[in-house]
Amino acid sequence: MVVVLMGYMGSGKSTIGKHLAEVLNYNFIDLDDYISGKENSSVTSIFNTKGEIYFRKKEAYYLNEIVSTSGNIVLALGGGTPCYGNNLQLIKANASCVSFYLKLTIPQLVKRLFTEKAARPLIAHVKDSDELQEYIGKHMFERSAYYAQADYSINTGELSIDEGVEAIVLKLI
């Protein structure tokens with residue numbers, strides 16, 4: 001089984017995903033880290049040197065590679081992964097995939113992301129929390145229709161890591 005975690009950056013996909021993998025005794029894969037390893041380059045560097053189109057093609061290729069395996073995996077997608085190409089259809093068409101949208105409100109995302117914006121290239125340029133809220137709001141407007149197609153939606157904004165993991169495990173039973 002491949003447990004696919006999707007949602008906006010800062011929603012807890014990697015953090016919850018690592019703990020979920022431990023609880024389930026599955027392998028954990030962060031898609032961005034996987035791409036970086038295969039390409040011997042950071043995602044930021046790939047974007048800067050080869051462009052977004054190249055990155056999105058590689059992202060789709062490696063996503064297909066991962067979901068086509070027969071192992072038990074918890075897979076944390078990049079925030080935009082389900083929104084490009086046929087990535088979401090690939091996940092939904094694969095009987096071994098169960099997808100979860102880790103959902104937070106825009107104010108919760110702003111609170112989580114503003115303090116770490118320097119480490120996140122897409123929002124490093126943002127000057128203040130109002131600008132970040134506007135940026136996230138625009139993205140969420142564009143992406144929410146994709147995220148909503150996940151098999152399950154978990155509101156993780158007020159949950160601890162353990163509670164988020166438990167909420168997912170209960171849906172898998």
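Taking every C-alpha pair closer than 8 Å and separated by at least 6 residues, the mean separation divided by the residue count of the chain gives a relative contact order of 33 percent. In this simple spin-label approximation, residue 60 and residue 129 carry label points 7 Å from Cα along the Cα→Cβ vector, and these lie 3.9 nm apart. Beyond a 18 Å Cα-Cα separation, which of these cross-linked pairs lie in this structure: 103/138; 18/50; 18/111; 57/117; 50/138; 38/58? From the list (103/138; 18/50; 18/111; 57/117; 50/138; 38/58), the Cα-Cα distance tops 18 Å for 18/50; 18/111; 57/117; 50/138.
Based on DSSP loop calls and a cut-off of at most 14 other Cβ atoms within 10 Å, the longest stretch of the chain free of exposed GluC sites (Glu not before Pro) is what? Here the longest run is 1-115. If each DSSP helix of 4+ residues adds -39,500 (n - 2.57) and the sum is divided by the residues in the chain, what number results at 222 nm, nearest 500 deg cm²/dmol? Taking each H run of at least 4 residues, the total per residue is -17000 deg cm²/dmol.
Our summary of shape: the Cα atoms of the chain have principal axis extents of 44, 38, 26 Å, ordered from largest down, in whole angstrom.
No lab work stands behind these numbers, since they all come straight from the coordinates. Just so we're clear, the structure is a prediction, and the values are computed from it rather than from any experiment. No Cβ is skipped: glycine too gets one built from the backbone with ideal geometry, and neighbour counts run over all protein chains shown.
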